[in-house]
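*Asks:* Sending over a structure as structure tokens; questions will come in a sec.
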Amino acid sequence: LEVGCVTEPVQVKVAGRTHTVRLARTPLDIPQPTNRAPVILDIETNGLPIYDADFQVRTVQLASPAWPDVYVVPARIEFYHTLAQVLEACPVAIAHHAMVEWQGLAKADIIPGPNAYWSKTIDSMLMVAVTSHPQGPTGDARLGLKDNTRALVDPDYDLDKQLKECMATGYREETGEVWKSGARKGEAKTKHIRYGWGTIPIDAPA
């Protein structure tokens, strides 16, 4: 959605359930927390460390069991107040990587600081580390959220492939970055063109 590959709501099937993913175009598109339900939070950045002067939050992803849809919110100033309202009002925040989410949002001036949110935060990465089998479903102790989803919930989960195709298209030549991936699931080490939110120029028109 952020890179302009999709301009309309898209249907994504995860764990047997179909979710509609919408790009928020105005603050009014973002629902407020309801029914005392948690809000699930993830951010995407330009790939730089939080302490880097050029660090930027690019999008904020929000979902809730009380909402019918999932929302991708551009990190633009017109959304800041509404994002802060949602995060303040939600009784529980489930963050993909809580330290990065709260510190990144504070660095971007979307929230005043992370301290007010720790008491209601569930770190989903920590949950995975605690609940995963010591050897992991595939014998890899380093399993993360996506691996566990594939192994335990939905073996057909293929969002990575879609994102890779979306992000790499048109930017492979520009970035020219190559990185080596470690052996994974029995595969030999390979070289890949680096892809991800951070490889897309921050001033790209999309």
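The values are calculated or read from the model by the stated rules, or taken from the named source; none is laboratory data. Quantities reported herein were computed from a predicted structural model and do not represent experimental measurements. No Cβ is skipped: glycine too gets one built from the backbone with ideal geometry, and neighbour counts run over all protein chains shown. When the accessible area is computed, the model is the full protein with side chains, heavy atoms only, and any ligands, DNA or RNA have been set aside. Shrake-Rupley method; radii C 1.70, N 1.55, O 1.52, S 1.80 Å.
*Asks:* If a residue must be farther than 21 Å from residue 101 by Cβ, in contact with a Phe, Trp or Tyr (Cβ under 9 Å, 6 or more places away or on another chain) and modelled with pLDDT under 85, how many such residues does the stretch 17-54 contain?
*Replies:* 1
*Asks:* When you look at residue 33, is it farther than 16 Å from residue 106 by Cα and surrounded by 14 or more Cβ atoms within 10 Å (Cβ to Cβ), yes or no?
*Replies:* The answer is yes for residue 33.
*Asks:* On to the next question. Please enumerate the residues belonging to the stretch 60-88 that are over 19 Å from residue 11 (Cβ atoms) and either more than 18 Å from the chain's Cα centre (by Cα) or not hydrophobic (A, V, I, L, M, F, W, C) (or both).
*Replies:* Correct list: 66, 74, 76, 77, 78, 80, 81, 82, 85, 88.
*Asks:* Turning to a different aspect of this structure: Return the pair list, or none, for Cβ contacts closer than 6 Å from residues in the stretch 47-76 that are more than 16 Å from residue 106 (Cβ to Cβ) and small (Gly, Ala, Ser) to residues that are outside any loop (DSSP other than H, G, I, E, B) and open to solvent by 20 Å² or more (accessible area, probe 1.4 Å), at least 6 apart or on different chains.
*Replies:* As it stands, the answer is 47/198; 63/40; 63/70, since those pairs meet every condition given.
*Asks:* Would you check which residues across the stretch 77-93 are open to solvent by 40 Å² or more (accessible area, probe 1.4 Å) and among the β-branched types (Val, Ile, Thr) and list them?
*Replies:* Passing the criteria: 77, 92.
*Asks:* Moving on to the next point. Given 74, 68, 112, 137, which one is surrounded by fewer than 18 Cβ atoms within 10 Å (Cβ to Cβ) and at pLDDT below 85?
*Replies:* 137
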